[in-house]
Amino acid sequence: MDMDQYNIFESPFVLRVRPALINSASEPFILIHGWSGNEMSMSVFQSVTPENALLIYPRGILKIDEGKFGWIDQNSIDKREFNAFSNICTELYQTILRVIQRFSNQKDQKINLIGFSQGASMCLVMSLLYPKSFHKIALLSGYLPLSYPEYLDRHLNQLEYYISHGTEDKIVDYSKALEIESYLRKSGGKVNLCTAKTAHRVSNACLREIKAFFEEN
């Protein structure tokens, strides 16, 4: 991990930040961890981002154990619904905008999202709520929250999604990836799907494809 990364507090979140190079025109990236992760967990996906981009790694607001955090209590059915995700996503989105404004002198830049597991669901919901703010979204081993709205016509045709999921995933079933893919296509989004015979992780082949996905204009 880069030595120039450090934690900041932007109420109510702790976020790890890697500032962009001076005058960098690269779009910022938000990397959101899953259940029991933290702001360090997503550093494994830094390799798919540009070297000169602003990277922001938020920490989940729900403390599970020492060094382990989440976004939504996955043991509560009510908390796993779209509205619960919507509430925390709105708060995180507003915080992210303040942090980007603080660290970037670029105006009106689109934002890229990378999320794993519950973090992928956070990225998905955020992109549905604020589609005009985002460009490319990588959803890794994620799922649609319960009681999601049917096929929102919310400018999703401007968004590009990359879904990666293992067919042997016992934590988030592979069928959840197909559900996301179908939902986004019917909603007008551009969707790429990478599958591999892996468990709850991203294969090396899919990781290479994700890097290429973000490198394409």
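In summary, the chain shows an alpha-carbon radius of gyration equal to 0.94 times the 2.2 N^0.38 Å reference for compact globular proteins. For the stretch 6-215, the tally of Lys pairs with Cα-Cα distances below 12 Å comes to 5, considering only residues 8 or more apart or on different chains. Taking a quarter of the surface of the Cα convex hull of the stretch 51-169 gives a mean projected area of 8.9 nm². All other residues with a Cβ under 9 Å from the Cβ of N112 taken together, and with Lys, Arg as +1 and Asp, Glu as -1, what is their net charge? Charge balance near N112 sits at +1. Put a plus charge on the Cβ of each Lys and Arg, a minus charge on the Cβ of each Asp and Glu, and nothing anywhere else: the dipole of the chain about its Cα centre is then about 160 debye. First measure r as the distance between the Cβ atoms of R185 and E81, then evaluate 1/(1 + (r/R0)^6) with R0 = 30 Å and state the FRET efficiency to the nearest 0.05. About 0.85, to the nearest 0.05.
The trypsin sites (Lys or Arg not before Pro) found in the stretch 80-134 that occupy coil by DSSP, while having at most 10 further C-beta atoms within 10 Å, are K107.
For the chain, taking a cut-off of 4.7 Å between Cβ atoms, the unpaired cysteines are C89, C123. Of the residues L156, M40, I100, the one whose Cα sits farthest towards the positive end of the charge dipole of the stretch 6-215 is I100 (charges of +1 on Lys and Arg Cβ, -1 on Asp and Glu Cβ, taken about the Cα centre). Volume per residue of the convex hull around the Cα atoms, evaluated for the stretch 159-217, comes out as 64 Å³.
Given the chain, what percent of its DSSP beta bridges are antiparallel, to the nearest 5? Could the numbers behind the result be given before it?
Working: 13 of 37 bridges.
Antiparallel bridges: around 35 percent, rounded to the nearest 5.
Taken together, the values in this text are just the output of simple stated rules run on the coordinates, not laboratory data. The shown structure was predicted, so the numbers you read here are calculated from the model rather than taken from an experiment. Every residue, glycine as well, gets a Cβ built from its backbone with ideal geometry; the counts of neighbours run over all protein chains shown.
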